[in-house]
Amino acid sequence: MVLTALPSPPEERRLALVPSAIKRLVALEHEVRLGAGYGAPLHLSDDALAEAGATIVPAESALDGAEIVLVVTPPAPEALAGMPKGTFVVGFLDPFFALPTVRALADGGLRGMCVELMPRSTYAQKMDALSSQASLAGYVAVVLAAERIDKVLPMMSTPAGTIPPARVFVVGVGVAGLQAIATAKRLGARVEAYDTRPSVAEQVRSLGARFVAFDLGGEQGETEQGYARALTDEQLARQREQMAKVVAQSDVVITTAQVFGRSAPRILDAAAIAGMKPGSVVVDLAAATGGNVEGTVAGEEIVTDGGVRIIGLHPLPASVARDASAMYAANLTFLIEHAWVEGALKPASEDDVVDAVLLTDDGAVRYEAVRAQMEASA
Ligand code: NAD
């Protein structure tokens, strides 16, 4: 197959292909063509990419003849316009929110392979880009908070006195939350965590943190895919009320709560933020899908009148773009290695991974929940 990768938008430093992934794809007998300057965001020269096995072509002809196009973010519909029918577009396609892109993929007869829809099986873990990037986001959230807050994270005993450890509260213990807990513990903070899925309590404790339980009433827990069930409005209100007390004692709060395919649940309201000490820091990892925190501004950091800093910067993995790109490129390469046999995509009817990630095919959107979202927004 002939593969290329679209250049990332200026604010996004991650790439879909790096030299290690190019070498692997070339060894699998794919041809990798990249536009001149593709590696610039990571200071990778054309020579370095060519040495790994890519053919460097003028940037404006990178798409010519490409059968598979890799992306980091959903391409704008205009970027898809010239692609021939049947071209595969592989990567983050943000299926529930980037609806114009999904529509353009279907209308253009393109085959969008959406990594957000990867099954959460042990086998698929190496292809799971949501997880690889969430893990980095959890790490960056803590490092960012440690840099912004006006105190140290570990306990320090000095001749001038003893400084107590910072209290870090992590809300949502999925992949990002677990990494945030581990990072905050490594930096010496006193860490507490909470999730609506009680099954994570053991994982929290195994990292040396305290699991905080709240009484919400009604049904909670997780779906068969391992994702959180959405709470009712009443449960969310009870959660906010009980959580405010823990939040008031915390120096750093990191929220990572997501419900697959929906806007992020509102976890902290303005009253809870007002109860925090001035100088405290909140990092809202759900900023891009509406935010877990009242007052979060996506893409920005703000300081409230009460002196609490709310960080809504995203995507946080872009700030560790070298590692994030290496992991993302590896995820995509494993997917290509898995899904294509002798130049042909495995039939969706015969392969769980292809069946799950193939979002558009033959002019149609294959995923019921995405179709429903498109109809609702039409
Ligand atoms: P996610 O990004 O969908 O959500 C983050 C966390 O927020 C989840 O733990 C969720 O339970 C929690 N949450 C949702 N609503 C909440 C609320 N109102 N209050 C508090 N917390 C709330 O989650 P994720 O990182 O994708 O992980 C989901 C699960 O899937 C985890 O158990 C994870 O370990 C598992 N997983 C498995 C695989 C695999 O086997 N291949 C891969 C990735 C994740």
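The table below gives the values:
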read-out: Listed residue (160, 96, 327) projecting farthest to the positive dipole end of the chain, Cβ model; value: 160
read-out: Among 2, 32, 17 - extreme Cα towards positive end, dipole of the range 1-47, charges at beta-carbon; value: 17
read-out: Where only alpha carbons of the range 56-149 are counted, the Rg and the Dmax (Å); value: 16.4, 51
read-out: For the range 224-378: Kirkwood Rh in Å [reciprocal of mean 1/r, alpha carbons]; value: 18.6 Å
read-out: 10 °C / 1.306 mPa s Stokes-Einstein diffusion coefficient of the chain, Kirkwood radius on C-alpha pairs, µm²/s; value: 72 µm²/s
read-out: Fluctuation leader among 310, 68, 56 - the chain, Gaussian network, Cα springs under 10 angstrom; value: 56
read-out: Pairs of lysine residues in the chain - Cα separation under 22 Å, sequence separation of 8 or more or cross-chain; value: 9
read-out: Bridge type composition, the chain - antiparallel percent by DSSP, nearest 5; value: 25 percent
read-out: Degrees separating the helix 368-377 axis from the principal Cα axis of the chain, which is the longest one; value: 80 degrees
read-out: For the range 1-96, projected area of the alpha-carbon convex hull averaged over all directions, nm²; value: 6.1 nm²
read-out: Between helix 233-248 and the chain: long-axis angle, C-alpha atoms, 0 to 90°, nearest 10; value: 60 degrees
read-out: Cα-Cα P(r), the range 149-314, percent of pairs per 10 Å interval; value: 11, 40, 37, 10, 2, 0
read-out: Amide H partners (placed H, <5 Å) of residue 83, local residues excluded; value: none
read-out: Gained length - residue 249 relative to residue 156, 0.36 nm times residue gap less alpha-carbon distance; value: 31.6 nm
read-out: Net dipole in debye of the chain [+1 Lys, Arg Cβ; -1 Asp, Glu Cβ; about Cα centre; nearest 20]; value: 1340 debye
read-out: 20 Å cut-off, amide nitrogen to a point 7 angstrom out along residue 262 Cα→Cβ, residues in the range 184-215; value: 194-200, 214-215
read-out: The range 175-245 versus the range 83-137: alpha-carbon centroid distance in Å; value: 27 Å
read-out: Ranked packing of 365-376, 173-184, most packed first, by mean Cβ within 10 Å; value: 173-184, 365-376
read-out: Sites residue 205 and residue 337, calculated FRET efficiency, Cβ-Cβ separation with R0 45 Å, nearest 0.05; value: 0.75
read-out: Percent RCO, i.e. relative contact order, over the chain, from Cα pairs under 8 Å lying at least 6 residues apart; value: 18 percent
read-out: Principal-axis tilt of helix 175-186 within the chain, Cα atoms, nearest 10 degrees; value: 50 degrees
read-out: Rounded Å value of the spacing that divides the Cα centres of the range 140-158 and the range 1-35; value: 37 Å
read-out: Base-10 log of normalised Debye intensity for the range 289-360 (one unit scatterer per alpha-carbon) at q = 0.18, 0.29 Å⁻¹; value: -0.81, -1.19
read-out: Under 5 Å, built H, 5+ apart or other chain: amide partners of residue 90; value: 69, 70, 71, 113
read-out: Rg/Rg_globular for the range 273-321, with Rg_globular taken as 2.2 N^0.38 Å and Rg from C-alpha atoms; value: 1.13
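Where a number appears in this text, it was derived from the coordinates with a stated rule and is not lab data. Note that the coordinates shown come from a computational prediction; the quantities given were computed from them, not determined experimentally. In this analysis, Cβ positions are derived from the backbone assuming ideal geometry, glycine residues included, and neighbour counts consider all displayed protein chains.
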